[in-house]
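The structure appears below as structure tokens.
The values are calculated or read from the model by the stated rules, or taken from the named source; none is laboratory data. All values reported here derive from a predicted model rather than from experimental measurement. Neighbour counts are summed over all protein chains in view; Cβ atoms, including those assigned to glycine, are modelled from backbone coordinates with ideal geometry. Only protein heavy atoms, including side chains, enter the accessible area calculation; ligands, DNA and RNA are left aside. Shrake-Rupley method; radii C 1.70, N 1.55, O 1.52, S 1.80 Å.
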Amino acid sequence: MLSALLNGPWRRELSRLPWSIIAVIVALGGFGLVILYSAAGGSLDPWALKQGIRFAILLTAMLGLALIKPDTWLRLAWPIYGVVLAGLLGVELLGQISGGSQRWLDIGIIQLQPSEFMKLAIVLALARYYQFLPRGYETRLNALIPALALIAAPAALVMLQPDLGTALSITFGGVVVMFLAGVRLWLFVSAGVAAIAAMPLAWSMLHDYQRKRVLIFLDPSTDPRGAGYHITQSKIAIGSGGLDGKGFLNGTQSHLDYLPELQTDFIFATMAEEWGLLGGLYIILLFGVVLFWGIRVALQAKGQFQRLLALGLTATLFFYLAINMMMVMGLAPVVGIPLPLISYGGSAMMTVLILLGLIMGVARHNKMPGN
Amino acid sequence: MSNEAAREQSFTRRAFVLGGGMAAVGATLIGRMTWLSIFEGERYQLASEENRVQLRLIPPRRGWIVDRNGKPLALNKPDYRLELIPEQVVDLDATLARVTKILNLDFADELRIRADIAIQPRYMPVEVARDLDWPAFAALNVQVADVPGLQPVRAFARVYPDGDQFAHLLGYVGAPTPEQYREQKDPLLIFPGFRIGKDGIERHEDKGLRGTAGALKVEVTARGKVIRELGTRADKPGETLKLTIDRDLQNYAARRLGDNSASVIVIDCETGDILTMVSMPAYDPNLFSTRVPAKLWKELQENDHNPLLNKSAMGLYPPGSTFKLVTTLAALEAGVTPDQGVICNGRYRLGNNTWHCHSRRGHGHVDMHSALPKSCDIYFYQYGRQIGIDAIATMARRLGLGQKYELPLAGQAAGIVPDRAWKLKRYKKDWGIGETLNSAIGQGYIITNPLQLAVMTARIASGKAVMPRLMMPAGGAAPVFDSLGIPEAHLAIVRQGMFDVVNSGMGTARGARSPVGGIHIAGKTGTAQVRRITAEERRHGVKRNEALPWKQRDHALFVAFAPTESPRYAVSVIIEHGIAGGKYAAPIARDVLTYLFEPERALAALAPIEREVAARREENARLQALADTTQDQQALMPSWLRTDLVAPPTFEIADPDAPVPPRDDN
């Protein structure tokens, strides 16, 4: 049994992995470690070393996941979605009982964050849903309602936590899959128009502090010491980096505590201050390569499920990237979304590497002979 | 299969749309970042520097004030203090609790700090503690460095080595007011522990004394913690101010005055240098530079000797007989010859009224030579009336009365030299001849301050239009004054008269005779009446001044110069309610002048005077303590036993007809 496993077709299987993309991922993760090393004032403690170990373990896990056939995910789609949804419900109930909001599910050895997994599960579930929906039925009301319910249920639960960023991410993943599955365009257009039309209404329903946040986003200079502080300091960090930055370990915005959350949500600003526009281009272009690869994998994939899975996940990754970078550059309000592969934090890194593992699974399947 | 192909086609289409969207967002991000870092880069680099680098003020040390010989009158000593800036404080209670752990703040201190915070703008620093010793200051620096709003500062406290003696002249320093900050917008003014001139020369010359602040460039974190120093620009200390004052002489004069409410001014007749300008009693400017205790402030305000008033420049007094010098010169100018005279029988009638001479029985024949030594009022009634008020007023102004001088003082009273035009303007009435009589002997409307009398004396002594000065110019060049334009013969007659006041047998100030061999003093006494003597009282005999309450006694004045052969120093002495110029003011002028020639002899005269003053102080303190105890006991008594609750009948002492000299200052 063991010898059969050891003597299995490892070399053939490994050769089917997209090594160039793995190299890009390592390049991004490695750069992240360099930034964390500087963010800690030139020290492995407290972030770089921990993150490095995590990255190594999760990267291996990603390779393991890549070896699993997409068909397995197809079979497990509903159970996984069900379990994660139950987890979200459990977190919510636990929070109700203990009388506070909670995002974590403590299962002894590690703390799990169901909302993170839901970002993936929603894509998985909807891809599974549309795999078996006959073509032409996508836009029908009785086909739309289950899909919308699949999105709305977890999104609502996450909103209750409350975690706007993750809820948006889940909604975005679900809607993208619906879009790719062929739901009529006019639906998206009219939904968009309806959303814009509803804005004044939503505005009137917002709390004062929420309105203030939006206004501050529109003009951070109105509140340079308060909520606008983060955006302003982040823009100063990025802008002061110039073309090639102030140099490794020479960032002042980060090292003198002007930049908030310098190792997590605002790590792009931390990087940009020391590496300048060139460092920013490095990250954006490498992620562009990953995204391009994800799209190509989806286009080459066999079957609706694999296509939707690959591109839905790619879009989710893109959502992370876009929102985070737009936030640090002052193009989006401050929402707590970390930069994939680079920000410090285990949960987010795990989600992103599982996501990439799933896409790699599709990619490996594409290369299988006889498909 | 065609179904699957159509699906794939639709997917591919939409995948391209999605991919295109991603590319567009990616391009936007790159564009935005390029915009921020390349096109706006400079602006953000500046902003980042502004974040990182903080300029911290180094307050300049205040310039010293020294006397004409370079002896310090005001200097600085390091003062370690803890200040609090309310604007930066997060939690006041926690902050104060933190301080209390390190320093001994009692409840009163805390109340004061809270009151200060409540009434001041949030950006004004509030003093928490001052005069900390070095170990406490060092401990504070370590322990409160991370408490926002608390600032241990090494400031400089002003020290006035001679205290009271120079209080009115130099003034004192204090914390700037919010109004001053709003007006000047100088960040120094809200620097913790910074002090500016509040009175006297300190206030007038504040600009020069203040100096220019230096700056310390430091790198700070967002929480304000200093990481390192990047560079310094040294502060420029304020200029040292050299005064014409002679510190030793001023100290001597102040001691010689004892507990009198008085002023002494000494002027150099040649240069106009004010050697001494002392007004007593005074207050301790060292205390005023910190915080005046409420009890002391109340005492100072209630004290009938006016310790808060600079009598030398701000006090106004009728010049009394010292003004007869002016009348004499005016009479000479108007053509009255020295040999013309009057018969004085003690009374001078004008219409239905009678004016009296200070000598009840009269002086007999008085001419110009004896008028000054005898200070015969009748002589001056006669010739003052003859030459008219305008001639007298013109001469008074020529001699420096009725005007302010260019001096760095916080305030100066101009006094009044009345004439016909003035009366018309002020009272819309014509001048009366009786008023001329009063004016001729320095009573009535005419009012002067001690500084003007000193200048007048210096001008008579030198014959030049001496202007007083307090600031020693760089190089110490002596100014050249124009001649007054008064014939030397006229001046000689007046000077001889002044000589006789002191040195002849008939003089009113024989007690002012100089003890120094070869030096003669010439002077003129003055006794300015405070109350009006009624005809009734005259019949029964005028009350002796010594028998009157202090407030109703006459002011004693004496002006003098010495040496008579070549006048060098002019002095004016005024003792409020000092009874008689010749008896009480003249000896002070004599001793002060003696100090200039023979300090040892003058110092020897101090001992008995100071013994007397000390005994009087002791007695007063004992009486005060007794009164305090009585008051305390009375407060404890049941109300029906208390006598102080029944108001004693009050008697109006002041005569309602008494001429009240106008004391406004225009």
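Name the residue, out of B:Ala621, B:Ala614, B:Ala586, that is modelled with pLDDT of 85 or more, in contact with a strand residue (DSSP E or B) (Cβ under 8 Å, 6 or more places away or on another chain) and assigned to a helix (DSSP H, G or I).
B:Ala586 is the lone residue from the list that is modelled with pLDDT of 85 or more, in contact with a strand residue (DSSP E or B) (Cβ under 8 Å, 6 or more places away or on another chain) and assigned to a helix (DSSP H, G or I).
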- Conditions: (1) loosely packed, with under 15 Cβ neighbours inside 10 Å; (2) assigned to a strand (DSSP E or B). B:Arg223 meets all but one. Number of the miss? (2)
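B:Arg32 - would you say it is of a type in the set (Lys, Arg) and outside the structural domain of B:Leu188 (by TED's automatic domain parsing)? Spell out how you get there, then give the answer.
Working: of a type in the set (Lys, Arg): yes; outside the structural domain of B:Leu188 (by TED's automatic domain parsing): yes.
When the stated conditions are applied, B:Arg32 passes them.
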- Item | Tally, over the range A:274-306, of residues that are of a type in the set (Phe, Trp, Tyr), over 15 Å from A:Leu180 (Cβ atoms) and either more than 9 Å from chain B (Cβ to nearest Cβ) or open to solvent by less than 10 Å² (accessible area, probe 1.4 Å) (or both) | 4
- Message: Checking A:Ser347 against (1) at pLDDT 90 or above; (2) more than 10 Å from chain B (Cβ to nearest Cβ), only one condition comes out false. Which one?
- Response: (1)
- Query: Residues in the range A:25-33: is at least one among the β-branched types (Val, Ile, Thr), modelled with pLDDT of 95 or more and closer than 29 Å to A:Glu273 by Cα?
  - Reply: yes
- Listed residues B:Gly341, B:Gly346; which is without any contact (Cβ under 8 Å) to a residue 60 or more places away in the chain, open to solvent by less than 70 Å² (accessible area, probe 1.4 Å), more than 27 Å from B:Ile575 (Cβ to Cβ) and of a type outside the set (Lys, Arg)? B:Gly341
- Query: Where residues in the range B:5-34 are more than 7 Å from chain A (Cβ to nearest Cβ) and among the polar types (S, T, N, Q), which of them is surrounded by the fewest Cβ atoms within 10 Å (Cβ to Cβ)?
  - Reply: B:Gln9
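Let's see how each residue does on (1) hydroxyl-bearing (Ser, Thr, Tyr); (2) crowded, with 16+ Cβ neighbours inside 10 Å; (3) within 14 Å of another protein chain (Cβ to nearest Cβ):
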| residue | (1), (2), (3) |
| --- | --- |
| B:Arg228 | no, no, yes |
| B:Asp235 | no, yes, no |
| B:Ser263 | yes, yes, no |
| B:Met280 | no, yes, no |
| B:Lys295 | no, no, no |
- Message: Condition (residue is in a helix (DSSP H, G or I), open to solvent by less than 10 Å² (accessible area, probe 1.4 Å), at pLDDT 90 or above and within 11 Å of chain B (Cβ to nearest Cβ)) applied to the range A:362-371: is it met by at least one residue?
- Response: no
- Message: Just to be sure I understand the filter: pairs with C-beta atoms under 7 Å, separated by 6 or more residues or on different chains, first member in the range B:362-390 and closer than 15 Å to B:Glu435 by Cβ, second member assigned to a helix (DSSP H, G or I) and among the hydroxyl-bearing types (Ser, Thr, Tyr). Which pairs pass?
- Response: B:Phe380/B:Thr327; B:Gly384/B:Thr327; B:Gly384/B:Thr436; B:Gly384/B:Ser439; B:Arg385/B:Thr436; B:Gly388/B:Thr436; B:Ile389/B:Thr436; B:Ile389/B:Ser439
- Select from the range B:493-507 the residues that are assigned to a loop (DSSP other than H, G, I, E, B) and among the aliphatic types (A, V, I, L, M) and list them in ascending order. B:Met506
- Task: Would you check if B:Gly200 is on the phi > 0 side of the Ramachandran plot and touching a strand residue (DSSP E or B) at 6+ places or on another chain (Cβ under 7 Å)?
- Result: no
- Task: Give just the number: which of (1) closer than 30 Å to B:Arg247 by Cβ; (2) open to solvent by 60 Å² or more (accessible area, probe 1.4 Å); (3) without any contact (Cβ under 8 Å) to a residue 40 or more places away in the chain does B:Gly197 not satisfy?
- Result: (2)
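Can you tell me how many residues within the range B:44-57 are at the interface with chain A (Cβ under 7 Å from one of its Cβ atoms) and not aromatic (Phe, Trp, Tyr)?
5
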- Note on the structure: Subset of the range B:49-67, residues at pLDDT 85 or above and open to solvent by 60 Å² or more (accessible area, probe 1.4 Å), comes to B:Glu49, B:Glu50, B:Arg61, B:Trp64
- Message: Please go through the range B:435-468 and give me each residue that is among the polar types (S, T, N, Q), open to solvent by 20 Å² or more (accessible area, probe 1.4 Å) and part of a helix (DSSP H, G or I), ordered by number.
- Response: B:Asn438, B:Ser462
